[in-house]
Amino acid sequence: MPNAAGVGRASARANADAVLDALRTGGALSRQQISQRTGLSAATVSRATAALVESGIVVPFGRSPSSGGRPAELLRYAGGSRVVAAVQIGVRRIEGALVDLDGNVTVRRTIVPVLARSGSQEWVRQVAGLVDQLARTAATAGTPCLGAGVAVPAVVHGADDRIDAMIGFGAHDLPLGRLLRDQLRMPVVVENDANALAYGELKEGEASGLSSLVGLFIDNGIGAGIITGGALHKGAHGEAGEIGYLLVERSSLGQSFSDRGDLEDHIGYDALTRRARERGLQPPDGGQLTAGDVFRLAAAGNPVARDLAEEILDITAMAVAAMVIVLDPQLVVIGSTEPARDSAMVPDVQRRLQGRIIHVPRIAAAHHGADAVLVGVGRLAAERAG
């Protein structure tokens with residue numbers, strides 16, 4: 001049974017979204033005009049606009065021309081003049097950006113993470129420093145930073161945005177959200193990267209106007225964000241969508257998987273590098289081989305890379321099939337840090353699924369490309385701040 005407080009928050013957020021949509025499309029409007037455009041009651045519009053004005057997302061914009069009575073106050077959407085700091089954590093780099101409330105990336109910063117060998121807390125200080133730098137940049141430009149959103153390749157749960165484990169970062173049962181809020185003294189939301197991608201696609205991407213989708217995010221492994229009924233579905237333990245733990249074959253039952261699941265063990269950097277070397281293919285820079293490296297080498301004609309690329313596509317199709325069979329979503333979105341690859345994968349995945357599952361839904365590359373996770377976690381941060 002849904003929690004009453006949670007239902008109330010969801011209803012208030014939906015009302016705020018309706019008001020914002022009216023102001024985005026209609027320009028400066030009175031509260032009465034907002035009520036007419038949205039169908040919301042005057043009292044509901046009053047509550048929603050009060051919260052939005054307090055957060056700075058909506059600002060007063062003078063009064064309407066008088067027609068004999070008292071002129072009504074006009075309100076204007078201030079999305080372009082308000083930003084949030086969005087951060088996406090990866091093993092190879094940490095991406096930071098200022099994202100306005102229309103989902104536009106206005107400033108970018110990138111740093112190389114200090115991993116666990118130098119202490120598990122150092123990268124947390126790096127993230128806090130990056131957010132602080134972005135907030136200062138926003139202040140200098142006269143566009144106040146309302147808060148921060150941090151996307152992580154890990155399960156997130158609890159009021160303190162605790163992460164269970166993050167491969168390479170030495171993070172185990174770490175209250176990341178609380179640590180960042182204590183350091184930054186601003187609203188901070190921490191979310192799984194695939195969940196962030198899915199939410200961004202729901203609000204400002206391929207899924208606009210839909211109520212259900214699955215968003216796949218492929219990086220050092222694979223994860224899924226699930227939207228049902230127009231909201232993120234996280235499950236009882238915050239682990240819904242952890243498709244990296246899908247069991248691939250019967251022999252999987254004779255193995256044990258902890259930090260990395262069976263399916264993910266076929267597509268992550270370590271696994272790709274190991275299998276490539278076993279077949280005589282050395283990574284171009286002598287380091288780890290990524291899925292992006294595999295597809296680039298395959299396009300250049302390398303036969304080993306072509307075989308690995310086919311395996312990646314097979315695994316992705318199997319993951320999509322499992323999610324579609326269980327959830328029956330209206331849309332599946334594929335995203336990664338390499339949007340050209342995502343677009344190329346779509347027809348290959350569709351072809352693999354035809355005739356093998358009951359219904360193949362629309363499959364699309366993430367609307368915001370390489371920024372999909374940043375835009376999504378930025379939207380979550382803006383809503384939390386509001």
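What follows is calculated from the coordinates using simple rules that are stated; it is not laboratory data. Note that the structure is a prediction, hence the values are computed from the model and not measured. Neighbour counts are summed over all protein chains in view; Cβ atoms, including those assigned to glycine, are modelled from backbone coordinates with ideal geometry.
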Exercise for review: Any chance you could give the angle, 0 to 90 degrees and rounded to 10, that helix 303-327 forms with the longest Cα principal axis of the chain?
Suggested key: 50 degrees
Check your understanding: In terms of the ratio Rg/(2.2 N^0.38 Å) built on C-alpha atoms, what value belongs to the chain?
Key -> 1.05
Review point. Which three lengths, in whole Å and largest first, does region 147-215 cover when its Cα atoms are put on their principal axes?
Key: 37, 27, 18
Revision key, fill the gap. Treating every alpha carbon of region 237-281 as one equal point scatterer without solvent, the Debye formula yields log10 I(q)/I(0) values at q = 0.23, 0.26, 0.29 Å⁻¹ of -0.85, -0.97, -1.05
Exercise for review: Answer rounded, prolate or oblate for region 238-386, using the Cα gyration tensor with square roots of eigenvalues a ≥ b ≥ c: rounded when a/c is under 1.5, else prolate when a/b is larger than b/c, else oblate.
Suggested key: rounded
Point to revise | Relative contact order, percent, the chain [alpha-carbon distance under 8 Å, six or more residues apart] | key: 15 percent
Review point. So what is log10(I(q)/I(0)) for region 301-386 at q = 0.12, 0.19, 0.20 1/Å, when the Debye sum runs over its Cα atoms only?
Key: -0.44, -0.91, -0.97
Check your understanding: Gaussian network model of the chain, Cα springs within a sub-10 Å range: biggest mean-square fluctuation belongs to which of Gly301, Gly238, Gly221?
Key -> Gly301
Check your understanding: Mean separation of Cα pairs under 8 Å and 6+ residues apart, divided by the residue count of region 259-386: what relative contact order is that in percent?
Key -> 19 percent
Exercise for review: Sort all Cα-Cα distances of region 95-177 into consecutive 5 angstrom bins from zero, then give the percent of pairs in each bin up to the one containing the longest distance.
Suggested key: 3, 14, 23, 22, 18, 13, 7, 1
Check your understanding: Among Ile34, Ile325, Ile57, which one shows the biggest mean-square fluctuation in a GNM of the chain, springs joining Cα atoms closer than 10 Å?
Key -> Ile325
Review point. Rounded to the nearest whole Å³, what is the per residue volume of the convex hull around the Cα atoms of region 4-77?
Key: 87 Å³
Review point. GNM on the chain, C-alpha springs below 10 Å: top fluctuator among Ala224, Ala22, Ala141?
Key: Ala141
Practice item. List the longest stretch of the chain that has no exposed loop site; here a site is one of the GluC sites (Glu not before Pro) assigned by DSSP to anything other than H, G, I, E or B, with at most 15 other Cβ within 10 Å. Key: 1-238
